[in-house]
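First the structure, in the form of structure tokens, and then the observations on it.
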Amino acid sequence: MNIEDYLAEKKKLVDEALRKYFSDNNPFFEVMYYSIDRGKRIRPILAIASYEANGGTKLDEILSVACGLELIHTYSLIHDDLPAMDNDDYRRGKESAHKKFGEALAVLSGDGLFAYAFELFTESETNLKQRFRVIKEVSEAVGPKGVVYGQVLDIQKHEEANPKTLRQIHLNKTAKFISLSIKVGAIMASAPDEIIKVLEKGGIYLGILFQYTDDILDVTGKKEKLGKTPRKDIFQEKLTAPRVYGLSGAKFRAQRYAALAKNTFHRLGPNFELFNEITDYVLNRTF
């Protein structure tokens with residue numbers, strides 16, 4: 001199976017699970033599901049891939065956790081698109097939540113998704129030790145030590161194109177969550193700590209690569225394929241890789257982070273070769 005087929009298969013699996021979790025008769029679940037629909041599912045797929053690479057065999061054990069990661073990611077997108085933040089009217093190929101439902105419901109749908117994620121993390125009473133560790137790791141990676149702090153840095157005005165500040169934005173806004181997704185799968189499979197540490201390091205490189213390609217696609221991508229508004233970063237004078245290094249410099253550094261990720265994953269042996277293929281996919285993605 002090539003990497004695109006693998007990603008499509010796992011995406012279908014996650015999509016089916018998400019529809020199940022949003023089949024509640026409460027009409028507000030439809031509001032939340034509106035923003036969940038159509039995602040690439042990179043984070044839950046990474047969690048599933050890591051779980052299976054580390055010997056995990058009980059898919060239901062990881063699926064609820066993987067879906068919880070997608071809920072948190074979607075909450076962050078909803079809030080990121082708000083007028084007070086990036087003020088973007090287009091997400092995942094359709095109107096963003098605040099354009100569709102108004103700002104109040106958009107904020108509340110993000111809040112609901114964040115809380116519901118933790119319900120999914122604790123859906124089962126099996127593997128309680130692993131689930132407790134997952135909750136701790138998620139809380140650190142997506143809160144004020146991670147994604148939220150990255151967003152704070154991202155919305156600030158940066159007069160100077162400072163590479164150190166750019167790295168802090170990339171690390172906190174994106175890389176820690178990507179790395180977390182891989183780490184969570186390993187935790188749920190009860191992988192040894194030495195393997196988890198290597199996966200975490202490779203995940204950081206992969207996450208920075210992901211943000212580099214995101215920054216590059218903001219310059220080169222098309223709205224129809226991206227599913228969001230291109231060139232927003234330029235218009236808002238965001239601190240991005242192309243602004244700091246130029247487009248060619250950003251592409252060069254993206255390749256360098258891809259190499260670092262692949263070298264790290266390669267240390268773990270053939271069971272983890274899939275992560276090298278995912279790295280190449282992220283490097284060459286067009287949306």
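The values are calculated or read from the model by the stated rules, or taken from the named source; none is laboratory data. Computed from a predicted model, the values in this text were never measured in an experiment. All Cβ positions, even for glycine, are placed from backbone atoms using ideal geometry, and neighbour counts span all protein chains on display.
Looking only at residues in segment 109-152 that are of a type in the set (A, V, I, L, M) and free of Cβ contacts under 8 Å to residues at least 60 places away in the same chain, which one is farthest from Asn87 (Cα to Cα)?
Residue satisfying both the conditions and the ranking: Leu128.
Here is a check on your reading of the model: is Ala117 surrounded by 17 or more Cβ atoms within 10 Å (Cβ to Cβ), closer than 15 Å to Glu61 by Cα and either out of contact with any Cys (no Cβ under 8 Å at 6 or more places or on another chain) or at pLDDT 95 or above (or both)? Considered against the rule, which asks whether it is surrounded by 17 or more Cβ atoms within 10 Å (Cβ to Cβ), closer than 15 Å to Glu61 by Cα and either out of contact with any Cys (no Cβ under 8 Å at 6 or more places or on another chain) or at pLDDT 95 or above (or both), Ala117 comes out as yes. The set of residues in segment 175-201 being surrounded by fewer than 22 Cβ atoms within 10 Å (Cβ to Cβ) and among the polar types (S, T, N, Q) consists of Ser190 alone. Do you know which residues across segment 1-56 are closer than 19 Å to Ser181 by Cα and among the small types (Gly, Ala, Ser)? Selection gives Ala8, Ala17, Gly39, Ala47, Ala49, Ser50, Ala53, Gly55, Gly56.
Scanning segment 90-115 for residues that are within 24 Å of Lys225 (Cα to Cα) and either part of a strand (DSSP E or B) or of a type in the set (D, E, K, R) (or both) gives Tyr90, Arg91, Arg92, Lys94, Glu95, Lys99, Lys100.
Assess whether Gly269 counts as being under 29 Å from Gln130 (Cβ atoms), within 20 Å of the chain's Cα centre (by Cα) and small (Gly, Ala, Ser). Against the criterion (under 29 Å from Gln130 (Cβ atoms), within 20 Å of the chain's Cα centre (by Cα) and small (Gly, Ala, Ser)), Gly269 does not qualify.
Could you please let me know if Lys232 is modelled with pLDDT under 95 and surrounded by 19 or more Cβ atoms within 10 Å (Cβ to Cβ)? No.
Taking the criterion of being at positive phi and in a loop (DSSP other than H, G, I, E, B), the only residue of segment 238-284 that qualifies is Gly269. If you go through segment 46-97 and keep only what is of a type in the set (S, T, N, Q), surrounded by fewer than 22 Cβ atoms within 10 Å (Cβ to Cβ) and touching a strand residue (DSSP E or B) at 6+ places or on another chain (Cβ under 9 Å), you end up with nothing. I'd like to check something: does segment 254-262 contain any residue that is surrounded by 15 or more Cβ atoms within 10 Å (Cβ to Cβ), modelled with pLDDT of 95 or more and under 17 Å from Gly185 (Cβ atoms)? Within segment 254-262, one or more residues are surrounded by 15 or more Cβ atoms within 10 Å (Cβ to Cβ), modelled with pLDDT of 95 or more and under 17 Å from Gly185 (Cβ atoms). Filtering segment 120-139 down to residues that are modelled with pLDDT of 95 or more and of a type outside the set (A, V, I, L, M, F, W, C), which residue is surrounded by the fewest Cβ atoms within 10 Å (Cβ to Cβ)? Only one residue tops the list, namely Lys129. Where helices (runs of 4 or more DSSP H) fall entirely within segment 1-89, those with at least 1 residues that are aliphatic (A, V, I, L, M) and touching a Pro at 6+ places or on another chain (Cβ under 9 Å) are at 3-21, 59-81. Considering only residues that are assigned to a helix (DSSP H, G or I), closer than 15 Å to Gly185 by Cα and of a type in the set (S, T, N, Q), which ones fall in segment 118-145? Once the filter is applied, which keeps residues that are assigned to a helix (DSSP H, G or I), closer than 15 Å to Gly185 by Cα and of a type in the set (S, T, N, Q), segment 118-145 yields only Gln130.
The rows are residues; the columns are (1) closer than 30 Å to Glu52 by Cβ; (2) free of Cβ contacts under 8 Å to residues at least 60 places away in the same chain.
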{"position": "Val65", "(1), (2)": "yes, no"}
{"position": "Leu82", "(1), (2)": "no, yes"}
{"position": "Met85", "(1), (2)": "no, no"}
{"position": "Asp89", "(1), (2)": "no, no"}
{"position": "Ala97", "(1), (2)": "no, no"}
{"position": "Leu105", "(1), (2)": "no, no"}
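For segment 202-229, the set of residues classified as of a type in the set (D, E, K, R) and buried (at least 17 other Cβ atoms within 10 Å of the Cβ) consists of Asp214, Asp215, Asp218, Lys228, listed by residue number. Answer yes or no: is there a residue in segment 90-100 that is over 25 Å from Ala191 (Cα atoms), touching a His at 6+ places or on another chain (Cβ under 7 Å), modelled with pLDDT of 95 or more and of a type in the set (A, V, I, L, M, F, W, C). For segment 90-100, residues over 25 Å from Ala191 (Cα atoms), touching a His at 6+ places or on another chain (Cβ under 7 Å), modelled with pLDDT of 95 or more and of a type in the set (A, V, I, L, M, F, W, C): absent.
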